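What follows is one structure encoded as C-alpha cells, with my remarks underneath.
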Amino acid sequence: MAPFTSQQQAENQFQLRLLLAFAAMLLGFVTLATRFAWLQVYQHEHFATLAQNNSITLSPIIPNRGLIVDRNGVVLAQNYSAYTLELTPYKIENLEQTLSQLAELVDINARDIKRFRKQAEESRNFESIPLKIKLTDDEVAKVSANIWRFPGVEVKARLFRDYPFKEITAHVVGYIGRINQKEMERLEENDELADYRGSTHMGKTGLEYTYEKVLHGTAGFEEMETDAGGRPVRTLRRVSPVNGHTLKLALDIELQKFAWERFGERRGALVALDPATGGVLAFISKPGYDPNLFIDGIDSQSWKDLNDDWKKPLVNRALRGLYPPGSTFKPFMAMAALETKFRDPNYTIPDPGYFSLPGSTHRFRDSKPSGWGSMSMFRSIQVSSDTYYYKLAWDMGIDRLEPQLAKFGFGSPTGIDLDGEARGVLPSKEWKRKRFAGKRYPEAARVWTPADVVPIGIGQGYNTYTPLQVAHAVAILANNGVVYRPHVVKEIENLKTGEITKVEPNPVRDNHPDPANIAFVKSAMEAVLKPGGTAARIGAGLSYRMAGKTGTAQVVQIKQGAKYNAAALAEQHRDHSWFVAFAPVEAPRIAIAVIVENGGWGAAAAAPLAREVADFYLTGRKGEVSAPNSDAPSAQHVRADKNKPAAAPAEEVVE
C-alpha cells in the first residue's frame, strides 16, 4: 500500500503544479489582453498623437523686419540675406576644440571669438549663436562639406539689418541687437514670446526701439515630416509669417545729410520741425557712431573707443543734451510779459550796461559794457539786451514767469516718438525745493532767493533744455501758439494689404495767445536778421522772410569784474553758440534750433548753419553763408556775469 500511496501523491502534486501553471498563464494572458485593450482602445488618441509628434517637427519662420524710409522713400534701414556660421553650445562636447577646427576652414579672427563669447554669456545655452557672419560662397562650401564632423554647428541663411547712412541717422533711426535674457523675460511677461519664435534680434534704440512691434511682425511656422534621422521628408502645413510694416518718416535725408556736412567736425545738435504738423525734418546729434557695429554685438575694443571718446558720440545731444538756452530765451520772456499784461510793448528802461538788485552792489553785466541807453522791448530782442531781461525777470518773479514759459513746452517732454527724452528744467520754487531736498543740502539751499530769478531772464541760471525742446518752443511761437507733438514717423505702411496709417498732425492744445503779441515778437525776431540786429549778416540776401534769435550760453562762471577770454579757456569750457529761427515768417514751413558746443557767439557759429539749412530746405540752394567778423556788432561778444553756474554740457547729462 505504501508504494501506491506515494505514487498517488506524486500525481496529485503534478496536477496541482499543472493547474497553477495554467492559472498563471491564464492570468498573464488576461493581463496582456487587458493592457492591450487599454492601450489600443482607451489610450489610442494619446499614443497616436505621440507617434505623430515623433515624425513631425515645427520650425519657426522669422518675419522680415519692416523697412524705414525717409519722406521721399529713400531707405534708411534695410535688410539683406547672408549666411552665418552658428554654434549651439549644449550640443558641442568640446567647444574649444570645435572653434580651433572651424578656424582651419573659415577665417575666424579674435574679434569674432570675443563677440561669440560675449553673446554666449548673455544667451541661453540651447540657442544658436553666430560665430562668423556674412560667410563667403567658398566658406559656405567648405563648412557644408565638413558639417558631419561638427555636431551643433550649422550654416544658416539669415536676414541682416543694415544702416546705409551710418552715423548720419544713428541717433534717430537707432539700431537692433540680439535679444538678451531680460528682454526674453519681458516678452514672456507680456505674452509676446510666440511672436518672437526663431527671432534673435529686436530694437534697442531710436525708432527701431520705439516702433519694435510695428517693425518686427509675427512669426509663422512649418510642420515638417521627418525620418528617423531627423531629416525633413515633406511639408505638411505652413503658416506664413506676417512681415513688419514700413515706417515712412517726415525726415528728409537730403536735408539731414546737408546739415551733417555743414556741421563739419564741430560738436552739437540741430533739430528742424515743420511748425504746421510737428514733423521732424532733420535731427542731428554730432558726433555720431556707426550703428552697424551693434547689430551682432559690438566688440570690446570698439565699445571702449566709443565710451572713452571725450566727444561722447553715444550721447544723443538733440534728445538728451541739456543746455542753458542763452539769449534764445528772450522772445519767450517777452511773450510772458505781454500775455500777462505785465509789460506794454512801448515800455522802455534805461540800460547802463548792468543790473543790480535793490540794496546790492553786485552787477549783472550786459553784453555791452557801456549799455544801450534807452531800451524798448522790440529793440531788446533785436540787439539782445541783457539788462532789459534781468530787470524783467526781477520785476515779474518766478511765479508769474513759470506758467507762461511752460506754455511753450519748456521743462516738459515734447512726447516725440523716440526713447529717452530728457525733461529739461524750467525753474520754480517747487522745483528748487525738490531738487535740493535731502541731507546733502542745507535748508537754505532749498529756499528760492530773490537773485535766483535774475539770470533766468537771459536763459542762464537753473534753465536747462534740450535742443529738441527749444526747437519745439520756436515751432509753437511760429505757429501762433498752436502746439503739435513732434514726431519722426509720418505714416506706417502695411505692405501686405497696402493699408497706410498716417500719423495725424492733431494739435495737442492751443495756447490762444493774443495775435497782437505774437505779431510783435515775430516782428522783433525778424529785425534780428536786419541791419542793426545781432544776426544782420546772416539775413543778408534772403529770398524769403526769416525770424530768428542768437544766443550764447555760458559753460563756466566768470568772476565779478573779469572778462571772458575764450583763448584762455579749454575748448570744453568755452561758450556754446545758439541760434533759433523760423521761415517764411508769413507762413512758416520750418522751425530750427541749432547749438554748436563751445562755438562762441551765436551769430558766429550756429546762425550761419541755420541759414544754410533753411536755404537748402526752402530754396534748394547750397551756398555758404559767411559768419560776421569778430568786430561786428554782437549782443554776445562780451560775456555777462551770471549769478549761477551754467548746467553741464551735453556729455554730462543730468535731469
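Annotations for the structure displayed:
- On the principal axes of its alpha-carbon atoms, the stretch 70-208 has extents of 50, 37, 24 Å, going from largest to smallest.
- Take each peptide in 364-375, 379-390, 416-427, count the other Cβ atoms within 10 Å of every residue, and average; sorted highest first, the result is 379-390, 416-427, 364-375.
- Reachable aspartates and glutamates, given that their alpha-carbon falls under 15 Å from the alpha-carbon of Lys142 and they are not under 8 places away in the same chain: Glu86, Glu104, Asp107, Glu154
- The trypsin sites (Lys or Arg not before Pro) of the stretch 317-359 that DSSP puts in a loop, and whose beta carbon has at most 15 other beta carbons within 10 Å, are Lys341.
- Extended-chain gain in nm, criterion 0.36 nm per residue less alpha-carbon gap, Glu222 and Gln101: 40.2 nm
- The stretch 325-438 - Debye-derived log10 I(q)/I(0), Cα point model, q = 0.11, 0.16, 0.18, 0.22 Å⁻¹: -0.43, -0.83, -0.99, -1.26
- Helix runs (DSSP H) in the chain reaching 27 Å along axis by Cα, Kyte-Doolittle at least -0.5: 2-37
- Taking the helices alone, the chain has a mean residue ellipticity at 222 nm of -9500 deg cm²/dmol, built from -39,500 (n - 2.57) per DSSP H run of at least 4 residues and averaged over all its residues.
- The order of the peptides 131-141, 501-511 by mean Cβ neighbours within 10 Å, most packed first, is 131-141, 501-511.
- As a calculated quantity, the FRET efficiency between Thr501 and Asn64 at R0 = 25 Å, using C-beta atoms, amounts to about 0.85.
- In nm, spacing of pseudo-spin labels at His44 and Asp395 (7 Å Cα→C-beta vector): 9.8 nm
- Portion, in percent, of the accessible area of the chain that falls on carbon or sulfur, probe 1.4 Å: 53 percent
- Computed E for Lys530/Ala451 - FRET, C-beta separation, R0 51 angstrom, nearest 0.05: 0.90
- Mean projection of the Cα convex hull over all viewing directions, computed for the chain: 47.5 nm².
- The charge dipole of the chain, taken about its Cα centre with unit charges on the Cβ of Lys, Arg, Asp and Glu (plus for the first two, minus for the last two), comes to roughly 1960 debye.
- Label-to-label distance for Glu265 and Ala444 is 4.7 nm, based on points extended 7 Å past Cα in the beta-carbon direction.
- Once both labels are positioned 7 Å from their Cα atoms along Cα-to-Cβ, the gap between Ser81 and Thr136 label points is 2.2 nm.
- Extension gain, Arg186 back to Ala110 (0.36 nm per residue minus Cα-Cα distance, nm): 24.1 nm
- Protection proxy ranking, highest mean first, for peptides 91-99, 327-335: 327-335, 91-99, where packing is the per-residue count of other beta-carbon atoms within 10 Å, averaged.
- Nearest-0.05 FRET efficiency for Arg509 and Tyr347, computed from C-beta distance (R0 35 Å): 0.75
The values are calculated or read from the model by the stated rules, or taken from the named source; none is laboratory data. Fair warning: this is a prediction, and the values are worked out from it, not measured in the lab. In this analysis, Cβ positions are derived from the backbone assuming ideal geometry, glycine residues included, and neighbour counts consider all displayed protein chains. Each accessible area value is taken on the protein alone, full model and side chains, heavy atoms only, with ligands, DNA and RNA left out. Shrake-Rupley method; radii C 1.70, N 1.55, O 1.52, S 1.80 Å.
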